[in-house]
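The values are calculated or read from the model by the stated rules, or taken from the named source; none is laboratory data. Everything numeric here is computed off the predicted structure, so don't read it as measured data. Using ideal geometry, Cβ is built from the backbone for each residue, glycine included, and neighbour counts are taken over all protein chains shown. Protein only, heavy atoms only, side chains kept; ligands, DNA and RNA dropped before computing areas. Shrake-Rupley method; radii C 1.70, N 1.55, O 1.52, S 1.80 Å.
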Amino acid sequence: MHTHNMRAAAAAAVTFAAVVASAAPARADTVTDWNGYASNAIVVTAGQPPPAAVLSFAMVQGAVYDAVNAIDRGHRAYLPQPRAGRASSEDAAAATAAHDVLVALFPLQQGTLDGLYRTSLAAIADTRWRAKAGGIAAGAAAARTMMAARANDGRGGAFTPVYATTPGVYRLPASLAVDPAPWVGNVRSFLVPDVEMLRSDGPNPLTSRAYARDFNEVKAIGALHSTSRTPDQTDAAIFWQDHAFAFWNRVFRTLAAQQHLGTADSARLLATTNLAAADAAIGCWNNKYLYNSWRPITAIREANTDGNRATVADPNWTPLFDVATPVAPGQLPLVTPPFPENPSGHLCATGSIVRTLQGFFGTDDIGFTATSSRSGTTRSFRHLSDVLEEVTNARVWAGIHFRTADVQGARLGETVACYLQEHYFQPAR
């Protein structure tokens with residue numbers, strides 16, 4: 001059945017468990033259901049890599065928020081929307097907005113998405129016929145607004161990475177793998193007025209003490225056979241190599257349930273976190289290709305060229321992230337990521353998300369336990385700030401980042417989150 005026919009008729013998973021005080025059993029609603037469907041469509045079926053996937057998540061969740069908020073009217077819209085009747089169905093609005101954005105992004109998945117959409121609409125009681133029709137109209141309007149706002153925004157644009165043999169400059173990996181989404185840094189931002197406000201300080205000069213300090217730290221603790229890295233640190237490094245935004249959206253869904261968020265607040269949680277993370281990714285990739293800095297694997301093997309007396313080359317040095325390192329069954333081997341080093345992509349994302357969650361809940365005391373599909377292991381955190389600290393360390397333990405890149409990435413993400421909190425999603429007056 002075509003989408004317009006469904007509307008006419010209507011008008012006519014990696015396991016995640018959060019642990020928080022007074023936690024209730026997780027429950028699903030239309031907003032979180034469609035976030036799960038979106039994750040499957042974006043990450044599993046379409047196979048988008050993290051920096052591209054978060055842009056899709058942001059579009060879906062931004063539209064869902066605007067559709068629901070047009071009815072609830074509790075906060076300012078992300079994009080301007082016509083008000084919907086207060087009696088309109090927020091569930092129908094959420095399902096329609098998510099469905100329509102996903103179909104626009106992934107037309108080849110329309111058959112599957114249409115089936116999920118029919119199921120969502122069927123779950124809305126027929127006695128609320130007018131409410132359902134009003135919700136569908138609000139959702140369709142929000143999706144159209146989002147797609148119009150993101151037209152010709154630079155997604156998928158042409159981009160040719162530059163490789164060199166100059167000391168400090170990023171090298172083409174030995175595997176010949178290439179960045180699947182180098183264009184992300186040229187995408188128009190979702191929140192900040194100009195990506196220049198996200199400019200990071202960049203890598204330390206090769207001859208500096210700070211560079212040598214970072215170099216020697218990762219050389220020792222990030223090596224494949226490091227004698228200073230503990231088994232728990234090894235686990236943490238692999239744990240955080242899960243697909244960042246599939247992982248975090250699992251976290252968001254469960255936090256929404258365990259914090260007893262209503263439909264409107266669930267929609268706002270998913271929109272704020274994903275929109276902040278999208279701009280963090282854009283800013284991060286813009287910086288990566290501006291600085292075009294080499295990874296530890298190259299820096300350590302070619303240290304005899306860096307002009308720093310405090311660094312010593314090891315032509316055979318190999319990071320923990322190597323095909324020899326065991327991962328969970330069915331997972332791809334670990335490798336050094338095929339794009340420039342500074343700033344850290346995971347930390348740009350984590351910084352934006354942690355700061356946004358702290359602002360949303362008004363506390364750092366949000367604890368959770370999560371399972372990573374990459375490592376197959378489970379880790380627990382008492383506070384959101386504990387997550388940021390562990391991810392910062394984990395990328396060094398993995399042997400793929402200098403600490404400075406992690407710190408700068410987290411700072412970039414936090415800048416986006418602070419801008420969001422100051423300029424978007426305020427309570428309606």
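Can you find, within segment 167-179, the residue that is farthest from Ala58 (Cα to Cα) among those that are open to solvent by 40 Å² or more (accessible area, probe 1.4 Å) and touching a Phe, Trp or Tyr at 6+ places or on another chain (Cβ under 9 Å)?
Applying the filter and picking the extreme gives Pro167.
Looking at segment 339-351, is at least one residue within 24 Å of Leu176 (Cβ to Cβ), within 19 Å of the chain's Cα centre (by Cα), polar (S, T, N, Q) and part of a loop (DSSP other than H, G, I, E, B)?
Checking segment 339-351: at least one residue is within 24 Å of Leu176 (Cβ to Cβ), within 19 Å of the chain's Cα centre (by Cα), polar (S, T, N, Q) and part of a loop (DSSP other than H, G, I, E, B).
Right, Ala264: assigned to a helix (DSSP H, G or I), in contact with a His (Cβ under 9 Å, 6 or more places away or on another chain) and surrounded by fewer than 24 Cβ atoms within 10 Å (Cβ to Cβ) or not?
So Ala264 fits the description; yes.
Give me a count of the residues in segment 171-211 that are part of a helix (DSSP H, G or I) and over 17 Å from Ile297 (Cβ atoms).
Here the count works out to 11.
Among the listed residues Gln358, Gln331, identify the single one that is under 21 Å from the mean Cα position of the chain (by Cα), among the polar types (S, T, N, Q) and within 30 Å of Ala93 (Cα to Cα).
The conditions single out Gln358.
Which of the following residues is within 30 Å of Tyr78 (Cα to Cα), at pLDDT 95 or above, touching a Gly at 6+ places or on another chain (Cβ under 7 Å) and open to solvent by 60 Å² or more (accessible area, probe 1.4 Å): Arg188, Arg199?
Only one candidate qualifies: Arg188.
What single numbered condition from (1) of a type outside the set (S, T, N, Q); (2) open to solvent by less than 30 Å² (accessible area, probe 1.4 Å); (3) over 28 Å from Gly74 (Cα atoms) fails to hold for Leu224?
With respect to (1) of a type outside the set (S, T, N, Q); (2) open to solvent by less than 30 Å² (accessible area, probe 1.4 Å); (3) over 28 Å from Gly74 (Cα atoms), Leu224 is out only on (2).
What pairs come up if the first residue lies in segment 231-254 and is over 16 Å from Gly351 (Cα atoms), the second is part of a helix (DSSP H, G or I) and open to solvent by less than 20 Å² (accessible area, probe 1.4 Å), and their beta carbons are under 6 Å apart, counting only those six or more places apart or on different chains?
Ala236/Ala394; Ala237/Ala394; Ala246/Ser39; Arg253/Thr32; Arg253/Asn35
From the list Arg229, Arg253, which residue is over 13 Å from the mean Cα position of the chain (by Cα) and part of a loop (DSSP other than H, G, I, E, B)?
Arg229
What are the residues in segment 103-135 that are among the aromatic types (Phe, Trp, Tyr) and crowded, with 21+ Cβ neighbours inside 10 Å, if any?
Hit for segment 103-135 is Tyr117, nothing else.
Does Ala94 count as touching a helix residue (DSSP H, G or I) at 6+ places or on another chain (Cβ under 8 Å) and modelled with pLDDT under 95?
It is false that Ala94 is touching a helix residue (DSSP H, G or I) at 6+ places or on another chain (Cβ under 8 Å) and modelled with pLDDT under 95.
Could you please let me know if Gln241 is open to solvent by 30 Å² or more (accessible area, probe 1.4 Å), outside any loop (DSSP other than H, G, I, E, B) and under 19 Å from Ala394 (Cα atoms)?
No.
Are any residues in segment 212-226 part of a loop (DSSP other than H, G, I, E, B) and out of contact with any helix residue (DSSP H, G or I) (no Cβ under 8 Å at 6 or more places or on another chain), and if so, which ones?
Leu224, His225
Among the residues of segment 323-367, which ones are surrounded by fewer than 16 Cβ atoms within 10 Å (Cβ to Cβ) and among the β-branched types (Val, Ile, Thr)?
Those that are surrounded by fewer than 16 Cβ atoms within 10 Å (Cβ to Cβ) and among the β-branched types (Val, Ile, Thr): Val323, Thr363.
Determine whether segment 136-152 contains at least one residue that is at pLDDT below 95, open to solvent by 70 Å² or more (accessible area, probe 1.4 Å) and not in a loop (DSSP other than H, G, I, E, B).
No.
At least 1 residues that are open to solvent by 10 Å² or more (accessible area, probe 1.4 Å) and modelled with pLDDT under 95 in each: list the helices (runs of 4 or more DSSP H) lying fully within segment 1-73 that qualify.
Filter on segment 1-73 gives 3-11.
What's the total number of residues in segment 368-392 that are open to solvent by less than 30 Å² (accessible area, probe 1.4 Å), at pLDDT 95 or above and assigned to a strand (DSSP E or B)?
2
Under the condition of being under 18 Å from Ile282 (Cβ atoms) and of a type in the set (D, E, K, R), which residue from segment 407-429 is surrounded by the most Cβ atoms within 10 Å (Cβ to Cβ)?
Glu414
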